[in-house]
Amino acid sequence: MLKYTHKLTDNPGIKRLFPKMVCMKEKNWWLVSIGISAALLIILISLWLQMNNYFVEPTKLISEEGTNIYLQKNWENKLKESGYTDQPTIKVKTGIFIQSLKFFNSTEIDLSGYIWQRYQDGIHDTIKPPFSEVGFVLPEQVNTGNTITPQEVYREHINGETIIGWYFEATIRQPFEYKLYPFDHKTVRVRMWHKLFSKNIVLVPDFEAYTSTQLDKIFGIEKEIILGTWNREDTYFDYKPSSYDTNFGISNYIGQTDFPELHYNFVVKRKFENAFIVYLLPVLLVATLLFAALLTVSNKPDLVSKHGFNTSGFIGACSALFFVVMLAHIQLREQFPGSGIIYMEYFYILMYVYLVIAVVNTFIFSIGAASWLTIIHYRDNLIPKIAYWPVTLITIILVTLVVME
């Protein structure tokens, strides 16, 4: 046999750990490593495609008939059971159109657009807002110092009803989940109350104002809206039952338990390409450079001379790579203050662990310490080299499966 393919039986430890790899040539080991890595990469990409799918399961309101059925079942019947027969439900048709949307930070969104309401003569006379007053409340709006009070821009009386429209600018604060970043999507919800929320007034979508509100349609938003690193996915109306542990000082407050709040929802999905280039690509490059540095590890004089390997140089290279990873990690973390560990952070954590393991491995190998660590000393540190990418991909796959649960 060639001198670089001596039998594994010369090393009982390796034979005991890897019995099926006995007498394999080094070239074949690399082929096995490449084959396993390719298969694992395909599995990882398939998991990423699953993570990138968008799924939403709330009850979407697509028609006036369906809305009336929902309210009858989930609100009006409950009122009768609770004895609230003296306050009939008043429905006010409400619509919204978003002209601009911007994620201000990880928990706040800047919105601007129009909200309008329809008030029928003889039914809504006592609740119709007079001129210069606003008929709605955005309960999640926060005052940033730059927002303006909604301005009435039109009021028309047609066919026995008054249509009032307001232009609004608002900063909405709501919690977002970033666990799957960069494969995440966000549902921006605009919660709307009637201004007289102490009464039994329920806002209902103004379906007639839109061309279509079917499940496969996107409506209520500017077609040419600029979303930066996001793509439009879906829009829909729905109700969320809201309950409070206070009556706001209003005796016999009817909306304290399971009151149907109208939500307009706008779903956006993150563009993976931007996050990949900014945050993931540097980590992949560091992983590749670390692997290249690991390949130079050798105690054979000809290879040492050819690659210029020395322990101090290897540790210095790992230190430089560590600072690259750390700075990128800090930049990523600053985007999501207050959030838990997001998916992409595990790549950085993995690189920290790899850098430490690589330094320890190289130091032990170069000084010839712990001769019983066959996995390090065997065939010029071969096992850590061929196991690098398979172990890396297996770890990422396991982390991905855990995050997807």
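Structural remarks
- Within region 173-198, the residues that satisfy the criterion of being buried (at least 17 other Cβ atoms within 10 Å of the Cβ) and under 26 Å from Leu71 (Cα atoms) are Thr187, Val188, Arg189, Val190, Arg191, Met192, Trp193, His194, Phe197.
- Of the set (1) outside the structural domain of Lys217 (by TED's automatic domain parsing); (2) in contact with a helix residue (DSSP H, G or I) (Cβ under 9 Å, 6 or more places away or on another chain); (3) surrounded by fewer than 19 Cβ atoms within 10 Å (Cβ to Cβ), all apply to Val286 but (3).
- Selection from region 315-351 of residues that are within 21 Å of Leu401 (Cα to Cα) and assigned to a helix (DSSP H, G or I): Glu345, Tyr346, Phe347, Tyr348, Ile349, Leu350, Met351
- Matching residues, region 160-172, being crowded, with 20+ Cβ neighbours inside 10 Å and in contact with a Lys or Arg (Cβ under 6 Å, 6 or more places away or on another chain): Ile164
Every residue, every condition in (1) part of a strand (DSSP E or B); (2) under 18 Å from Ala209 (Cβ atoms); (3) touching a residue at least 60 places away in the same chain (Cβ under 8 Å), yes or no:
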| residue | (1), (2), (3) |
| --- | --- |
| His124 | no, yes, no |
| Glu133 | no, no, yes |
| Val153 | yes, yes, no |
| Gly165 | yes, yes, no |
| Phe168 | yes, yes, no |
| Phe176 | no, no, yes |
| Lys179 | no, no, yes |
| Val190 | yes, yes, yes |
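- Among the residues of region 127-148, the ones that are more than 12 Å from Ile172 (Cβ to Cβ) and at pLDDT 85 or above come to 10 in all.
- Scan of region 79-105 for residues that are among the charged types (D, E, K, R) and either more than 21 Å from Leu196 (Cα to Cα) or part of a strand (DSSP E or B) (or both), ordered by number: Lys80, Glu81, Lys91, Lys93, Lys102
- Total residues in region 109-122, condition closer than 25 Å to Gln87 by Cβ, charged (D, E, K, R) and not in a loop (DSSP other than H, G, I, E, B): 1
The values are calculated or read from the model by the stated rules, or taken from the named source; none is laboratory data. Quick caveat: nothing in here was measured; it's all calculated off a predicted structure. Every residue, glycine as well, gets a Cβ built from its backbone with ideal geometry; the counts of neighbours run over all protein chains shown.
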